[in-house]
Amino acid sequence: MALSVSDLPTIYTLLANSLSGDINVRKPAEDALAQFESRPGFCSCLMEVITAKDLVSQTDVRLLASVYFKNSVNRYWRNRRDSTGMSNEEKVHLRQKLLLHLREENYQIALTLAVVISKVARIDYPREWSDLFSVLAQQLQSADILTSHRIFMILFRTLKELSTKRLTSDQRTFAEIASQFFDYSWHLWQNDMQNMLHGFSVLAQNASELHHDDIYLTCERWLLCSKITRQLIVSGFQSDAKSVQFCFLGGATCQEGLPVMLKAIQSFLPYYSSFQEKHSKFWDFLKKACTKLMKILIAIQQRHPYSFGDQSVLWPVVDFCLNKITDPEPDVLSFEEFLIQCMSMMKSVLECREYKPFLTGRVMDDNRVTLQEMKKNVSTAVAGVLASLLPSERVVLLCNILIRRYFVLTASDVEEWYQNPESFHHEQDSVLWSERLRPCAEALYIVLFENHSQLLGPVVVSILQEAMNACPSSVSEISSQLLLKDAAYGAAAYVYYELSNYLSFKDWFNGALSIELTNDHPNMRIIHRKVALILGQWVSEIKDDTRRPVYCALIKLLQEKDLCVRLAASRSLFFHIEDANFSEYDFSDLLPICWDSCFKLVEEVQEFDSKVQVLNTISSLIARITEVTPYANKLVQFFQKAWQESSGESLLQIQLLTALKNFVVALGYQSPMCYNMLLPILQSVININSPDELLEDSMQLWEATLSHAPSMVPQLLGYFPCLVEILEKSFDHLKVAASIIEGYIVLGGLEFLNMHAATLAKVLDLVIGNVNDRGLRSVLPLVDVLVQCFPGEVPQLISSSIQKLIIICLSGGDDHDPSKTAVKTSSAAILARILVMNTNYLAQLTSEPSLLAHLQKAGFPNEETYSFAWLMYGLIRKLEFTLLEKSFQETILTDNTDITLALGARSIIMESLQFIYTHFSSYELQVDNVISTQKKIFGLALSIILTMRLPQVLDKLDQILSSDNMQSSKLQVPSKEFRRRQIKFSDPVNQISLENSLRDNLQMCAALHGELFNTAMSKMHPAAFAQLKQALKMP
């Protein structure tokens, strides 16, 4: 029953009780609210509580009501199958109520309501809430500072939500909003900017008459307006990289508008230091404002590179950023967030592909200016601007500043390293380059070096040589010389691919790097970390005569006390293991120390990223080395302990499962030695209750375990029912599931069939008929193996699936679609195999009422009887379009599938000769482009319609069926693959002579039908008939 106004006191009481510290009061209230939230009218009651004037002072209750309101909108606003949702009448009421309550004084409640409006707008705008923006725009005209601030909060949240919709119609709608709102937002942004600068000027003079709250609200509104402006420019206008049409800002081009943003930054910065001590609230705002404006400029440059590339924009912005990087004021030097954005801007400009030389051709005598020509012209102009901005001297200066100032560790960095080496290692990672100053400087340096490698190569080598000379390897005091050497080593590491033309790694390693490692002073961890980094980055330049010493150096670094150094060594070791030139011979005697060091490191590190990094190294090493058995016991103990400690950490368990799979594959047929550890883990992750994110990796581990098991063990045999639960939930991993089923069939044999016959039938029935062609192509080969292994037992067991295969073969559709052709071919091959190996079952199947019902449901003629002969003849006719279309030509045939079809046709001849007589000479069919897994002739299937090129077909068949020369597998170790080959070579189909079979059947046909047979044969071309007799050695 719907809630009404009379329920308001109850709702208010429950909300108030939900805030109680007494659990006996709070818990019943929370349970009651949970029951209420799905009832109609609940959101309306909450809205009344939020907007009630007499409850303004009850901020905590109103805030809780707004949270419940937001959650209920998320759950029930959109109608879903599992819930009735809200009525249209209530939605209309709530939309109106939300727009009438814009002047909410409490910031948190206002923010929550803004989020609610954005969520509703994503669903309802523009169809059900077409007046949303017009009402907001109208309210802005007469709003005070607080109301306009709340409206801009709503606008920002709503525009951010709508900008993420990707449909073309939604993007078109957003472009319309941008065209309507941008002018007002841009002008308000400029007006607020002037008001803020005036207020800051007064504030700097310590004027007491200034209303701080009003000016701060203006600042907050301006910041929201800035975010809205960014959203509209980036998402509301088509990128000029596609159209080369300049973006417009409030009636002005980007060339006129963007310098205004730069000027705003320049106007803010002088107040940065003066506000830091006296006006902390405004100082925080200035930090956010300057950083945000730089982010907006970066976003516009990336979205509209050609508009930004105009000299009136690019020149002042880039020049400003360069000056702040190379010669910052003392206050700016401590303003890291802002310097990061200046460096990010430089990096974005330097690596922008639209600013690179543009190579285009043009048609002779064509004077039209194409889009490519326009892009080339703009790119050339921008290249000229950048060349003027960055002459050689300035490039060299920037390179020196980056290395000598920003790469050098500070005292706070060294202290941070001491306190938490793990965090320091990951925070200095280049992946986080946009969040930390030093990684950002390193990222800019790499791009700068890429653009000017010939100029900067000698410069970097010179800095490196200078630093090494000033600080020999014996020096261990943390001095400016040592820190510069650390910075120079880093600079050389990051650009190894270009610097190798100017620096010999062998000489560098032997003359300096290896010597650095002989100094074990604790302070040398700074240099040792960079040596580890260099050894990993320069892996491609390490030649055979240096590889062994480098491996020894990495192992030594892996044994150091400092975690940061050891983690760096672990990563570099991973790069070497993954390298194509990794030498197991040079590394083999280091393996025991390497394993122990890696295991110890995993135990000592605490952070998730650290554990994953070392696990990747272990996993890669397992996969790379030839003989892992001597270390199996250590690895088993490691995996067992690591798995126990990873409980509840799914991402870490994914890495462990990958490493376990590599371990099982490396052990091969000796994998049972790890079963005591492996099988309990496997059982826990293939359980339906295990986290979904583990499913893919757990199934791959399951498949690897079966593929490398020498024999089936009871524990593995008992896991099979889990596969049904997995497939009932999703077919996402069907290909791996099919391989798992095949492993059970091949490895488990009759024991598996006896134990899980019903489960197996359920799996196949679940899949066949319910997946697409791609899924069927994964499953049908294992059905063929199943029939091949158990021809007497299986057909009856999987009768439902076989009936579906018959429907697939007989059904229509695009028979020229390769995917459908492959499915029909595989299905027909399975049916033909059953014909050869269990003919009676297939004949009996045609009288089953369920098959007749399936045929009628599929739209086949409602005849009084679907005889076995009619069914088989229908299959042959269907193959006319799926397998036998054009010409045989030079197709090479190599598989058993089509032999099976051919032998299946042998029985068809016996059962349906009357149909054959009628159509014997009407088909002139030849084998087409048969797919790689089915390249053997449909021998006797073609014998029904012998017409053309039969000798060539029989020649090919004779070569294939002469299986005496087939070599046995060299694989002597029991495994899934070994048993699969045994099954293939023992296939009864290989033992049947197709030539004798065809000849005997033709003679039987002649004896049974006399003159009818002779009449049909006489219709063949004499030459073709002569070739047939010669091929079959008939008199």
Notebook entry, point to check: Listed residues 498, 560; which is of a type in the set (Asp, Glu), within 24 Å of residue 459 (Cβ to Cβ), open to solvent by 10 Å² or more (accessible area, probe 1.4 Å) and touching a residue at least 12 places away in the same chain (Cβ under 8 Å)?
Noted result: 498
Notebook entry, point to check: Within the range 259-331, which helices (runs of 4 or more DSSP H) (wholly inside it) include 1 or more residues that are farther than 22 Å from residue 388 by Cα and modelled with pLDDT under 90?
Noted result: 271-278, 280-303
Check: Hey, among the residues in the range 777-807 that are surrounded by 21 or more Cβ atoms within 10 Å (Cβ to Cβ) and more than 39 Å from the chain's Cα centre (by Cα), which one's nearest to residue 736 (Cα to Cα)?
Finding: 794
Checklist line | Residue match in the range 590-600 (condition: β-branched (Val, Ile, Thr), in contact with a Leu (Cβ under 7 Å, 6 or more places away or on another chain) and surrounded by 13 or more Cβ atoms within 10 Å (Cβ to Cβ)) | finding: no
Check: Looking only at the range 376-404, which residues are surrounded by 15 or more Cβ atoms within 10 Å (Cβ to Cβ), of a type in the set (D, E, K, R) and within 22 Å of residue 316 (Cα to Cα)?
Finding: none
Next item on the list: Output the residues belonging to the range 516-545 that are of a type in the set (D, E, K, R) and closer than 24 Å to residue 579 by Cβ.
Entry: 516, 529, 530, 541, 543, 544, 545
Margin query: Tell me whether the range 726-733 contains one or more residues that are surrounded by fewer than 22 Cβ atoms within 10 Å (Cβ to Cβ), at pLDDT 90 or above and assigned to a helix (DSSP H, G or I).
Written below: no
Checklist line | In the range 113-154, the residues that are without any contact (Cβ under 8 Å) to a residue 12 or more places away in the chain and either at positive phi or not in a loop (DSSP other than H, G, I, E, B) (or both) | finding: 134, 138, 141
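Table: residues versus (1) free of Cβ contacts under 8 Å to residues at least 24 places away in the same chain; (2) within 37 Å of the chain's Cα centre (by Cα); (3) closer than 18 Å to residue 573 by Cα.
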position	(1), (2), (3)
485	no, no, no
491	no, yes, no
514	no, no, yes
517	no, no, yes
520	yes, no, no
526	no, yes, no
529	no, yes, yes
534	no, yes, yes
Check: Which pairs have Cβ atoms under 9 Å, sit 6 or more apart or on different chains, and link a residue in the range 60-81 that is among the acidic types (Asp, Glu) to one that is open to solvent by 10 Å² or more (accessible area, probe 1.4 Å)?
Finding: 60/16; 60/19
Check: Would it be correct to say that residue 451 is surrounded by fewer than 16 Cβ atoms within 10 Å (Cβ to Cβ) and within 30 Å of residue 318 (Cα to Cα)?
Finding: yes
Check: Which of (1) more than 23 Å from residue 18 (Cβ to Cβ); (2) open to solvent by less than 10 Å² (accessible area, probe 1.4 Å) does residue 65 not meet, given it meets every other one?
Finding: (1)
Check: Quick one: how many residues across the range 68-112 are touching a Ser or Thr at 6+ places or on another chain (Cβ under 9 Å), open to solvent by less than 40 Å² (accessible area, probe 1.4 Å) and modelled with pLDDT under 90?
Finding: 2
Next item on the list: Hey, can you tell me all the residues within the range 706-716 that are in contact with a helix residue (DSSP H, G or I) (Cβ under 6 Å, 6 or more places away or on another chain) and in a helix (DSSP H, G or I)?
Entry: 706, 707, 715
Next item on the list: Filter the range 744-787 down to residues that are within 21 Å of residue 820 (Cβ to Cβ), out of contact with any Leu (no Cβ under 6 Å at 6 or more places or on another chain) and small (Gly, Ala, Ser), then give me how many there are.
Entry: 1
Notebook entry, point to check: Which of the residues that make up the range 620-654 are open to solvent by less than 70 Å² (accessible area, probe 1.4 Å), among the hydrophobic types (A, V, I, L, M, F, W, C) and either touching a residue at least 60 places away in the same chain (Cβ under 8 Å) or assigned to a helix (DSSP H, G or I) (or both)?
Noted result: 621, 622, 623, 632, 635, 636, 638, 639, 642, 643, 652, 654
Next item on the list: Check the range 832-840 and report whether any residue there is under 20 Å from residue 757 (Cβ atoms) and in a loop (DSSP other than H, G, I, E, B).
Entry: yes
Notebook entry, point to check: Is it the case that the range 746-763 has a residue that's under 26 Å from the mean Cα position of the chain (by Cα), at pLDDT 90 or above and either crowded, with 21+ Cβ neighbours inside 10 Å or over 19 Å from residue 804 (Cβ atoms) (or both)?
Noted result: no
Notebook entry, point to check: Could you list, in sequence order, the residues of the range 18-30 that are part of a helix (DSSP H, G or I), surrounded by 12 or more Cβ atoms within 10 Å (Cβ to Cβ) and under 45 Å from the mean Cα position of the chain (by Cα)?
Noted result: 18, 26, 27, 28, 29, 30
Next item on the list: Kindly establish whether residue 657 is open to solvent by less than 20 Å² (accessible area, probe 1.4 Å), touching a residue at least 40 places away in the same chain (Cβ under 8 Å) and under 22 Å from the mean Cα position of the chain (by Cα).
Entry: yes
Item checked: helices (runs of 4 or more DSSP H) completely within the range 32-111 that count 2 or more residues being farther than 23 Å from residue 131 by Cα -> 42-51, 59-76
Next item on the list: Write out, first by first residue and then by second, each pair whose Cβ atoms fall under 6 Å of each other, whose residues are 6+ apart or on separate chains, and whose first residue, in the range 161-179, is modelled with pLDDT of 90 or more and surrounded by 15 or more Cβ atoms within 10 Å (Cβ to Cβ) while the second is aliphatic (A, V, I, L, M) and part of a helix (DSSP H, G or I).
Entry: 174/162
Checklist line | Matching residues, the range 685-705, being part of a loop (DSSP other than H, G, I, E, B) and surrounded by fewer than 18 Cβ atoms within 10 Å (Cβ to Cβ) | finding: 687, 688, 689, 690, 691
Item checked: Top-ranked residue in the range 563-589 [being more than 17 Å from residue 620 (Cβ to Cβ) and among the hydrophobic types (A, V, I, L, M, F, W, C); ranked as most open to solvent (accessible area, probe 1.4 Å)] -> 563
Margin query: Condition first: basic (Lys, Arg) and farther than 20 Å from residue 330 by Cβ. Now tell me which residues in the range 384-411 satisfy that.
Written below: 394
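The values are calculated or read from the model by the stated rules, or taken from the named source; none is laboratory data. This is a predicted model, so every value here is computed, not measured. Methodologically, a virtual Cβ is constructed for each residue, glycine included, from the backbone with ideal geometry; neighbour enumeration extends over all protein chains shown. For accessibility, only protein heavy atoms count, side chains too; no ligands or nucleic acids. Shrake-Rupley method; radii C 1.70, N 1.55, O 1.52, S 1.80 Å.
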